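All remarks here apply to the structure that follows.
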Amino acid sequence: MEVIFVLVDSEEAENIGAAARAMHTMGYGTLRLVRPQASHLGEKALALAHGSQHVLHTAQVYDTLVAATQDCDLVCATTARHRYEKHHYTSVRDLPATLQAKGEWLRRTALVFGGERSGLKTADIDACDLRTTVPQYQLQPSLNLAQAVMVYSFVLAAPQTQVQITDQRLNSEAMAPAEYASLKRLLQQLMARVGLPERYRSYVLRGVARLGREDLYVLHKLRSALDYALDRAATGTENR
């Protein structure tokens, strides 16, 4: 299913750029603008997009929300405003399940966001099929436009996302078998040296077997420091 992000009456170029960046980081690239009050191709928008400028360059501009969403199977309004009419509001938490339940009937879904000052107009709300909202701790303050886009894009993309940070630690390589065996031997010597009862030594070694590479290196450093401290203490005692 394709998800389209529609910004209506956007007033700040920075928000348009930041929204494009939020979309792109979560794997979405189709942005449509309805009656934008700021340029999505200006310097400020492009600067805030940072690596996602292509989303802005391919964005389409429309005069009405109906025109912008006429090819969409489901149009979802996003709002944080209290309205006097009685409506059902779907939490963004529940939105993925709501969309998934419709299965193959949905080929293209639009998420519609209002302007920074007052959100979506009533007429635009009425042009949507579903009203959705982000649960908040309190009614005010509401989310910034780009923040709202980030929340929706993250929630919808969550099943497909993964941590992208590469492990840059010095000890990212696995501990060599010979080094691991040496660590166990030296630990046994250290435990004997400090007088740890025999029945506890096996517990320690079984715990070591469950450690990952980073923890093994930390333990190795700790073992080395303890041996060094014990050597210094022993030498000081002998010199007295």
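The values are calculated or read from the model by the stated rules, or taken from the named source; none is laboratory data. Bear in mind the structure is a predicted one, so any value in this text is a computation, not a measurement. We place every Cβ from the backbone using ideal geometry, glycine too, and count neighbours over all the protein chains shown. Calculation scope for accessible area: heavy atoms of the full protein, side chains included, ligands and nucleic acids excluded. Shrake-Rupley method; radii C 1.70, N 1.55, O 1.52, S 1.80 Å.
Table for the structure above
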read-out	value
Residue within the range 155-166 that is at negative phi, at pLDDT below 85, assigned to a loop (DSSP other than H, G, I, E, B) and in contact with a Phe, Trp or Tyr (Cβ under 6 Å, 6 or more places away or on another chain) present	no
Of all residues making up the range 114-131, the number that are closer than 17 Å to Gln37 by Cβ and either in a loop (DSSP other than H, G, I, E, B) or open to solvent by less than 20 Å² (accessible area, probe 1.4 Å) (or both)	8
Filtered residue count, the range 101-113, keeping only those that are open to solvent by less than 80 Å² (accessible area, probe 1.4 Å) and aromatic (Phe, Trp, Tyr)	1
In the range 132-147, the residues that are at pLDDT 90 or above and surrounded by fewer than 17 Cβ atoms within 10 Å (Cβ to Cβ)	Asn144, Gln147
Test: residue in the range 148-155 that is out of contact with any strand residue (DSSP E or B) (no Cβ under 9 Å at 6 or more places or on another chain), of a type outside the set (D, E, K, R) and surrounded by 19 or more Cβ atoms within 10 Å (Cβ to Cβ)	yes
